[in-house]
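A quick write-up on the structure given underneath.
The values are calculated or read from the model by the stated rules, or taken from the named source; none is laboratory data. What you see is a predicted model, and the numbers here were worked out from it, not measured in a lab. With ideal geometry, Cβ positions are generated from the backbone for all residues, glycine too; neighbour counts draw on all protein chains shown.
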Amino acid sequence: MRTLAVISLHSSPLVQPGVGDSGGMNVYVRELVASLAQAGVACQVYVRRWRPDLPDEVEVEPGFRVVHVDAGAPDLPKEQLEGIVPAFTDGVVGHLLRNPADAVHVNYWLSGVAGHRIKHELDLPLVSTFHTLARAKAETGDLEPQHRIDAEAQVIGCSDAITASSETEAEQLCRLYGADPARVEIVPPGVDHAFFSPGSHTGARRALHLGSHPVLLFVGRVQPLKGLDVAIGALAEVVRKEPEAVLLAVGGPSGPGGEAELARCRQLAEVLGVADRVRWVDPQPHHLLSTYYRAADVVLVPSRSESFGLVALEAVACGTPVVAAAVGGLTSIVQPGRTGELIESRDPHEFALAALAILADPRGAATMGAWAARYARGYTWSTTAARLRRLYTDLTERSLVDCAA
Ligand code: UDP
């Protein structure tokens, strides 16, 4: 296994996460490809040209190349990208004919549609990682168009392997899409411990101009699915007992409903009387987030659904307790009573109670933080890359799944 084609059609590993369409998938592709490159697998990452002035290729480091493929107007919103998938696929196939790869790893359903055609045209093994699944989102009320569901089902049916980041996602792939369990591999993402590790709580607070008051933290793209409104509701309850408490909300609007959601959350903070207790922070460069995690007493992750939840893992790696919704991959990262608490409902009151219990017990919180940081050591990008490298190698030695058979 020498060369891998990685497809990340709508989102570049070179873009700042936390706003627009950039989030965990960008971090995943960047960190995974960097680790694969270091392990000797050269990766060609195919991204749609999303700005006209981007160079054709960017050599990020030896073995990590980003290739910008022309397909549609650069500023097309994600919701209109399905129409340009054929042009994008043509561009990738053309590049692969000149620069062959041994396998294709696709990220998200749009890339999956491209990868499916590439698999058949170039006779390559196809590995799919969905990051989110339409039918899983639908279970929590976030409806996606039927054509996305159909496309996901087709790609799943023809993938030689489908990676799931948690047992929950593996179960969803099998139950909701009829994926063959023998082809589903649970490969959790990692965290970069060089950045995300315990550090000085007071130093981090000084750096962020925070005092000694209780600090709650929310990090992520602002869209209804992420539940910033629940975090604000929880803050409103926390300040009744801890009037000096603040909530740092780090991230920017994402997706078609992002701006409206941000406006709604700002208004909610006004209505609940905590507008002056919320600090709105623009999206931060990934490595700077460790300062925020270290400064916080509790990180809130009230998502409606989450295939994994890198923010929770990063917080845990920094030794900060996490209060998270008991959904998706969050249930594997948050160990109740050890790395934080899991909340079965999306009731802000429940989140507030769990946060207050952590705030009221600094020694318990410190023990939890130490346990959390140890637990997170089990997640590294080099482990993720090593497991995938074995998977790619196995697939290149097997006959391929054929969806027409
Ligand atoms: N992130 C970041 N800067 C920000 C906000 C978020 O680098 O201002 C990163 C965060 O560290 C995490 C990713 O974006 O690695 C979000 O991943 P997660 O799995 O939590 O959510 P997703 O975006 O995939 O829904």
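Is it the case, given these coordinates, that GLY255 is within 25 Å of GLY24 (Cα to Cα), out of contact with any strand residue (DSSP E or B) (no Cβ under 6 Å at 6 or more places or on another chain) and assigned to a loop (DSSP other than H, G, I, E, B)? Here the answer is yes, as GLY255 does meet what is asked. Which of the residues spanning the range 13-71 are within 16 Å of the ligand (Cβ to nearest atom) and small (Gly, Ala, Ser)? Result: GLY18, GLY20, SER22, GLY23, GLY24, ALA34, SER35. Residue by residue through the range 184-203, note down the ones that are surrounded by fewer than 17 Cβ atoms within 10 Å (Cβ to Cβ) and part of a helix (DSSP H, G or I). Of everything in the range 184-203, those that are surrounded by fewer than 17 Cβ atoms within 10 Å (Cβ to Cβ) and part of a helix (DSSP H, G or I) turn out to be THR202, GLY203. Using the structure shown, decide if LEU216 is hydrophobic (A, V, I, L, M, F, W, C), closer than 23 Å to LEU313 by Cβ and within 15 Å of the ligand (Cβ to nearest atom). So LEU216 does not fit the description; no.
Checked against (1) in a loop (DSSP other than H, G, I, E, B); (2) closer than 27 Å to ILE149 by Cβ; (3) more than 17 Å from the chain's Cα centre (by Cα), GLN80 passes all but a single condition, namely (1). Of all residues in the range 305-320, those satisfying the criterion of being within 11 Å of the ligand (Cβ to nearest atom) and either among the acidic types (Asp, Glu) or touching a strand residue (DSSP E or B) at 6+ places or on another chain (Cβ under 7 Å) (or both) are GLU306, GLY309, VAL311, ALA312, GLU314, ALA315. So for the range 256-273 (the condition being closer than 18 Å to ALA354 by Cβ and either in contact (Cβ under 8 Å) with a residue 60 or more places away in the chain or touching a helix residue (DSSP H, G or I) at 6+ places or on another chain (Cβ under 8 Å) (or both)), does at least one residue qualify? Checking the range 256-273: not a single residue is closer than 18 Å to ALA354 by Cβ and either in contact (Cβ under 8 Å) with a residue 60 or more places away in the chain or touching a helix residue (DSSP H, G or I) at 6+ places or on another chain (Cβ under 8 Å) (or both).
Cβ-Cβ distances below 8 Å connect the following pairs, each with a first residue in the range 292-310 that is farther than 8 Å from ALA325 by Cβ, a second residue that is near the ligand (Cβ under 9 Å from one of its atoms) and among the charged types (D, E, K, R), and a separation of six or more residues or different chains: TYR293/GLU314.
Between HIS116, HIS147, HIS120, HIS131, the distinction of being within 17 Å of MET25 (Cα to Cα) and modelled with pLDDT of 95 or more belongs to HIS131 only. Within the range 258-283, the set of residues being part of a loop (DSSP other than H, G, I, E, B) and buried (at least 19 other Cβ atoms within 10 Å of the Cβ) comprises VAL274, PRO283. Against the numbered list (1) under 30 Å from ARG117 (Cβ atoms); (2) in contact (Cβ under 8 Å) with a residue 24 or more places away in the chain; (3) away from the ligand (no atom under 14 Å from the Cβ); (4) in a loop (DSSP other than H, G, I, E, B), ILE156 comes up short only at (4).
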